[in-house]
Amino acid sequence: MVQLQSDSKAIEATGTQVVGISYDSVEKLKKFVDAKKITFPLLSDEGSKTIHAFGIHYMGGLPHPCTYLIDQKGIVRAKLAIEGYKQRHENAELIKAAEEIK
């Protein structure tokens, strides 16, 4: 989330709105947002219903870090994912994917 925040202006310049989803509680996310100065919405998925619906859960319930590009009609246009939970794709990949689906 911090990495996305650091490039938020470049991401938004593609016409993309960033929204994060986490299994953390609303209270925990609020503390994180305040501490890291996150400006985009972070949604709480307590119970991991969304994580399970997208099939990105990992052992122990941890999600794979994935980024979905969803259009205004709710259609998934691109997915950026790396197996495992410690690595993330680069923001440049997100920006490139967003520009390609315009």
Does segment 56-76 include one or more residues that are aromatic (F, W, Y) and more than 26 Å from T14 (Cβ to Cβ)? yes
So which residues in segment 32-49 are surrounded by 15 or more Cβ atoms within 10 Å (Cβ to Cβ), under 17 Å from V18 (Cα atoms) and either touching a Gly at 6+ places or on another chain (Cβ under 6 Å) or not charged (D, E, K, R) (or both)? F32, V33, I38, F40, L42, S44
Would you be able to tell me the number of residues in segment 58-95 that are at pLDDT 80 or above and either in a helix (DSSP H, G or I) or farther than 19 Å from V18 by Cβ (or both)? 5
Criterion: assigned to a helix (DSSP H, G or I), touching a Leu at 6+ places or on another chain (Cβ under 9 Å) and modelled with pLDDT of 90 or more - qualifying residue of L43, L29: L29
When residues of segment 2-26 are filtered for being in contact (Cβ under 8 Å) with a residue 40 or more places away in the chain, outside any helix (DSSP H, G or I) and surrounded by 16 or more Cβ atoms within 10 Å (Cβ to Cβ), how many remain? 4
Pairing a residue in segment 73-95 that is of a type in the set (S, T, Y) and surrounded by 11 or more Cβ atoms within 10 Å (Cβ to Cβ) with any residue that is part of a loop (DSSP other than H, G, I, E, B) and at pLDDT below 85, where Cβ atoms lie under 7 Å and the two sit 6 or more apart in sequence or on different chains, gives Y85/Y58; Y85/L62; Y85/H64; Y85/P65
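The values are calculated or read from the model by the stated rules, or taken from the named source; none is laboratory data. Please read all numbers here as calculations on a predicted model, not as lab measurements. Note that we place each Cβ from the backbone using ideal geometry, even for glycine, and neighbour counts take in every protein chain shown.
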